[in-house]
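Following: one structure in structure tokens, then a few remarks.
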Amino acid sequence: MQKSLIRRMVNRILHLIAQFGPGATSLRPLLHKLRGVKIYGDVYIGDNVYLENEYPECIEIHHGAGIALQSVILAHTRGSGKVIIGKNANIFARCMIMASHNQVLTIGEGVVVAAGSIVTKDVPPYTFVGGSPAKPIAKITVPLLWTPEYTSIEDFKKGLAKL
């Protein structure tokens, strides 16, 4: 569906405010919802995170998910795809998550994506991935939570199991 020029401009203005404004768990998620991003429950969206501009409705973020500083999530290359970020998934700083045309890319529940990684394929639940392209590093037995059930990095690291 083609959006009007006004709607596209409003989406970009809201996106700019969300990228640089305060409120990683309040204002930023609200602004992205207004743009059309599907956000379910409480999420964390860090500073300068770029969430799909042309097709924001093709991004889905579930409760407990966190997207860190300067990460980029794209749901189109020559046509729209879809990116689903599962419950309690964590995308660390400067990651790129990219779905191609007609692709549904799923970051599973409890996944952790290491900083600087590039993800273009599905990641199964409770898997720690990293690299360019991202590859499985370990199985997660202690989920990394930032919500009130908070998990320390030390406990998370102790809970990593070899694949």
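Starting at the first residue of region 64-78, write each ³J(HN,Hα) from the Karplus equation 6.51 cos²θ - 1.76 cosθ + 1.60 with θ = phi - 60°, in whole Hz, x for Gly and Pro.
With the stated coefficients, region 64-78 comes to x, 6, x, 10, 8, 2, 6, 7, 10, 10, 10, 10, 7, 8, 6 Hz.
If you add up the charges near ILE107, with Lys and Arg at +1 and Asp and Glu at -1, over every other residue whose beta carbon is less than 15 angstrom from its beta carbon, what do you get?
Working: positive: LYS38, LYS82, LYS87, LYS121, LYS135; negative: GLU52, GLU60, GLU109, ASP122.
Here the charged neighbours net out to +1.
Compute, for region 1-135, the length of the dipole vector about the Cα centre, with Cβ point charges of +1 (Lys, Arg) and -1 (Asp, Glu) only. Units Debye, rounded to 20. Before the final figure, lay out the partial values.
Details: 14 positive and 8 negative charges, 69 e Å.
Charge dipole, region 1-135, about its Cα centre: 320 debye, nearest 20.
Which one, ALA89, ILE137, THR151, projects farthest toward the positive side of the charge dipole computed for region 63-163 from Cβ point charges (K/R +1, D/E -1)?
The Cα lying farthest towards the positive end belongs to ILE137.
Please list the non-local residues whose amide H lies under 5 Å from the amide H of VAL111, H modeled 1.01 Å from N, same-chain partners needing a gap of 5 or more.
ALA89, ASN90, TYR126, THR127
With all protein chains present, how much of the accessible area of region 31-163 (probe radius 1.4 Å) comes from carbon and sulfur, to the nearest whole percent? Walk me through the numbers before you get to the answer.
Details: 3560 of 6150 Å².
About 58 percent, which is the carbon plus sulfur part of the accessible surface.
As a quick test, which of the pairs LYS38/LYS162; LYS82/LYS135; LYS38/LYS157 have an alpha carbon distance above 28 angstrom in this structure? Numbers along the way, then the final one.
On the way: LYS38/LYS162 34 Å; LYS82/LYS135 20 Å; LYS38/LYS157 30 Å.
Checking Cα-Cα distances, LYS38/LYS162; LYS38/LYS157 exceed 28 Å.
For ILE61, which sequence-distant residues (separation of 5 or more, or a different chain) have an amide H within less than 5 Å of its own amide H, given hydrogens modelled in the peptide plane?
LYS38, ILE39, TYR40, ILE85
Apply the Karplus parameterisation 6.51 cos²θ - 1.76 cosθ + 1.60, with θ equal to phi minus 60°, to every residue of region 90-106 and state each ³J(HN,Hα) to the nearest whole Hz, in sequence, with x for glycine and proline.
3J(HN,Hα) across region 90-106, in whole Hz: 10, 10, 6, 4, 6, 8, 10, 10, 9, 9, 8, 3, 6, 8, 9, 9, 10.
Going by amide H atoms built from the backbone, whose H comes under 5 Å of the H on LYS3, apart from near neighbours?
Excluding prolines and chain starts, which carry no amide H, there are no hits.
In a shell of Cβ-Cβ distance under 12 Å around GLU54, excluding GLU54 itself, what net charge do Lys and Arg (+1) and Asp and Glu (-1) give? Before the final figure, lay out each step's value.
Working: positive: LYS3, ARG7, ARG8, ARG12, ARG35, ARG78; negative: GLU52, GLU57.
In short, +4.
Please work out the average accessible area per residue across region 10-163, using the 1.4 Å probe convention, and give it in Å². Intermediate results must be reported in sequence, preceding the final value.
Numbers: 7250 Å² over 154 residues.
I get 47 Å² per residue for this part.
How do the peptides 17-27, 37-47, 80-90 rank, highest first, by the average count of neighbouring beta carbon atoms within 10 Å per residue? If you can, show how the numbers build up before the last one.
On the way: 17-27: 14.2, 37-47: 18.4, 80-90: 22.3.
Result, highest mean Cβ count within 10 Å first: 80-90, 37-47, 17-27.
Calculate for the chain the 222 nm mean residue ellipticity that helices alone would give, adding -39,500 (n - 2.57) per DSSP H run of length 4 or more and normalising by residue count, nearest 500 deg cm²/dmol. The partial results should precede the final answer.
Values: 3 runs with 31 residues, N = 163.
The per-residue figure over the chain is -5500 deg cm²/dmol.
Calculate, in whole percent, how much of the Cα-Cα pair population of region 117-163 lies beyond 15 Å.
On the way: 517 of 1081 pairs.
More than 15 Å apart: 48 percent of the Cα pairs in region 117-163.
The values are calculated or read from the model by the stated rules, or taken from the named source; none is laboratory data. Only a predicted model underlies this, so the values are computations on that prediction, with no experimental measurement involved. Cβ coordinates were reconstructed from backbone atoms using ideal geometry, including for glycine residues, and neighbour counts include every protein chain displayed. Heads up: the accessible areas ignore ligands, DNA and RNA and are worked out on the full protein's heavy atoms, side chains in. Shrake-Rupley method; radii C 1.70, N 1.55, O 1.52, S 1.80 Å.
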